[in-house]
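Worksheet: one structure, shown below.
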Amino acid sequence: MRRDAIKRLETVANEWALALAIKKGANEEEERSKSQVEAIVFGSYMLNVHCPGTDVDVILVFKQKYVSQKEFLHGFVKHVQGLDDFSDLLSIS
């Protein structure tokens, strides 16, 4: 279940970053051919010492130049908070 949530977060981030890149004039075909975001898992889940009900610590690395810190904090974070898929999202900048 957690693995699915991590993959879903990475998918949502990739879709959001791709849409932003295209909006900023990037070549859609070229951008679709590469991953926009990598989800890096750390903490207790990565060490396999987690318990039921504990959180999952994930860092999202946006690989492309199209996403600024402001866009991430005011765009992506709000986008994810509006989805039913995730709860208790904490953004650290």
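The values are calculated or read from the model by the stated rules, or taken from the named source; none is laboratory data. Everything quoted here is computed from the prediction, not taken from an experiment. Cβ placement follows ideal geometry from the backbone for every residue including glycine, while neighbour counts extend to all protein chains displayed. Please note that ligands, DNA and RNA were not included when accessible areas were found on the heavy atoms of the full protein model with its side chains. Shrake-Rupley method; radii C 1.70, N 1.55, O 1.52, S 1.80 Å.
Scan the range 51-93 for residues that are over 14 Å from Ala13 (Cβ atoms) and touching a Lys or Arg at 6+ places or on another chain (Cβ under 8 Å) and jot them down.
Val56
Looking for something more than 16 Å from Ser68 (Cα to Cα) and among the charged types (D, E, K, R) - is there at least one such residue anywhere in the range 16-27?
The answer is no; no qualifying residue exists.
I'd like to check something: does the range 62-81 contain any residue that is assigned to a loop (DSSP other than H, G, I, E, B), open to solvent by 40 Å² or more (accessible area, probe 1.4 Å), closer than 16 Å to Ala5 by Cβ and among the polar types (S, T, N, Q)?
no
Condition first: open to solvent by 60 Å² or more (accessible area, probe 1.4 Å) and assigned to a helix (DSSP H, G or I). Now tell me which residues in the range 1-18 satisfy that.
Scanning the range 1-18 gives Arg3, Asp4, Lys7, Arg8, Glu15.
Please verify whether Ser44 is over 19 Å from Phe86 (Cβ atoms) and at pLDDT below 90, treating the condition exactly as stated.
Taking the combined requirement at face value, the residue does not satisfy it.
Out of (1) in contact with an Asp or Glu (Cβ under 8 Å, 6 or more places away or on another chain); (2) outside any helix (DSSP H, G or I), the odd one out for Thr54 is which?
(1) is the only condition that Thr54 fails.
Test Lys24 against the stated conditions and say whether it is modelled with pLDDT of 85 or more, charged (D, E, K, R) and under 16 Å from the mean Cα position of the chain (by Cα).
no
Select from the range 24-49 the residues that are part of a helix (DSSP H, G or I) and either touching a Cys at 6+ places or on another chain (Cβ under 7 Å) or in contact (Cβ under 8 Å) with a residue 40 or more places away in the chain (or both) and list them in ascending order.
If the condition is that a residue be part of a helix (DSSP H, G or I) and either touching a Cys at 6+ places or on another chain (Cβ under 7 Å) or in contact (Cβ under 8 Å) with a residue 40 or more places away in the chain (or both), then Tyr45 is the only one that fits.
Could you tell me which numbered condition Glu38 fails, if it satisfies all but one of (1) open to solvent by less than 90 Å² (accessible area, probe 1.4 Å); (2) under 16 Å from His79 (Cβ atoms)?
Going through the list (1) open to solvent by less than 90 Å² (accessible area, probe 1.4 Å); (2) under 16 Å from His79 (Cβ atoms), Glu38 breaks only (2).
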